[in-house]
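Below is one structure, written out as structure tokens, with a few remarks after it.
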Amino acid sequence: MKPASTYREPAKDIYANRERWAGAGDGKTVVVTGANSGLGFFASLALAQAGAKVILACRNQSRAEQAMAQISARVPEANLAFMQFDSSSTSSAVGLAAELRSQPLHALIANAGMIRTPQTRQPGLLGCEQVMSTNFIGHARLVGELAERFASPMRFIGLGSLSTRLLATDHENLDLAEDYHPYRAYVQSKAAVQAFTLALDHRLRQLELPARSLTIHPGYALSGLTPQVPQINEPDYSKRLIGQLQASFAQGKHEGAVALVEAALAPELESAPRGSYLGPRYLSKGPITLARPVKATRGKALQSKVWELFVKANEGVDPFAL
């Protein structure tokens with residue numbers, strides 16, 4: 001997929017894009033799950049700077065409040081709120097959706113997830129293991145609970161991963177009941193997010209709904225290449241050294257977060273092709289551009305299996321039935 005002719009690539013990090021995004025968030029409410037650290041924090045910072053009201057949907061309230069304090073110190077006029085959300089819990093998704101029904105909603109960034117995966121298979125939701133539950137199923141229930149909001153021009157943003165290009169996904173073994181490996185669990189969970197987000201965008205078109213479902217991947221983003229923020233990002237010497245050693249093919253969280261903010265705010269994406277995918281120009285780093293997701297996540301086999309899991313997450317109801 002080549003970049004749309006109207007899409008102008010952003011600068012490399014959130015700080016260099018302040019002018020680009022200035023005022024783009026005015027009057028908008030954006031929910032960022034897992035916003036207290038990493039990509040979620042830097043995306044929330046940039047969204048607040050752009051004028052959006054940012055709802056930090058996090059599991060840990062004290063850590064969310066630390067993040068809000070750091071954002072407010074940099075953006076005194078920031079409009080921030082905390083809501084409880086544990087992405088490994090469908091009941092938590094139901095609770096967050098209930099709170100959001102009284103709020104305007106312009107974008108939902110499904111950022112929360114598990115990166116440090118368990119060495120052995122841990123049981124999760126719907127017969128799946130813990131990583132799939134945390135990275136996909138909780139957000140799937142949240143989308144289902146908020147299905148009525150897709151009748152407006154809101155955006156759902158699902159975080160895929162570069163890792164989907166590095167390891168094949170077995171659509172017949174998404175629960176990893178056999179052949180569990182921590183890295184495979186991560187890759188398959190991200191492939192599920194990616195495939196679902198692409199499938200949802202096509203379903204929205206079929207239903208002639210104005211909302212968009214945009215898939216992004218942030219490249220290979222490391223804390224060791226990220227600016228220090230007290231209580232948020234404080235990498236030690238070893239992490240900084242590792243970051244520098246990988247700098248030729250890695251970038252910081254403040255750079256990877258550009259994809260999240262672009263997906264939420266860029267007006268050009270309203271007319272971007274269905275199934276659009278934002279990622280770094282040089283695969284693992286670089287300016288964000290319209291890219292092409294790995295073939296498996298575009299294919300019917302994986303998308304069908306993931307959609308079945310989405311329906312199961314919503315108690316057998318397809319909120320976007322044709």
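The values are calculated or read from the model by the stated rules, or taken from the named source; none is laboratory data. Note that the structure is a prediction, hence the values are computed from the model and not measured. Because the Cβ atoms are built from the backbone with ideal geometry, glycine has one as well, and the counts that use them run over all protein chains shown.
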In region 262-277, what count of residues is obtained for those that are modelled with pLDDT of 95 or more, closer than 27 Å to Ala296 by Cβ and not acidic (Asp, Glu)? 3
Taking region 147-161 and keeping residues part of a loop (DSSP other than H, G, I, E, B) and in contact with a strand residue (DSSP E or B) (Cβ under 9 Å, 6 or more places away or on another chain) leaves Pro153, Met154, Gly160
Counting only residues in region 162-183 that are over 17 Å from Lys305 (Cα atoms) and not in a loop (DSSP other than H, G, I, E, B), the one farthest from the chain's Cα centre (by Cα) is identified as Pro182
May I ask you to verify whether Glu308 is assigned to a helix (DSSP H, G or I) and either within 20 Å of the chain's Cα centre (by Cα) or surrounded by 21 or more Cβ atoms within 10 Å (Cβ to Cβ) (or both)? no
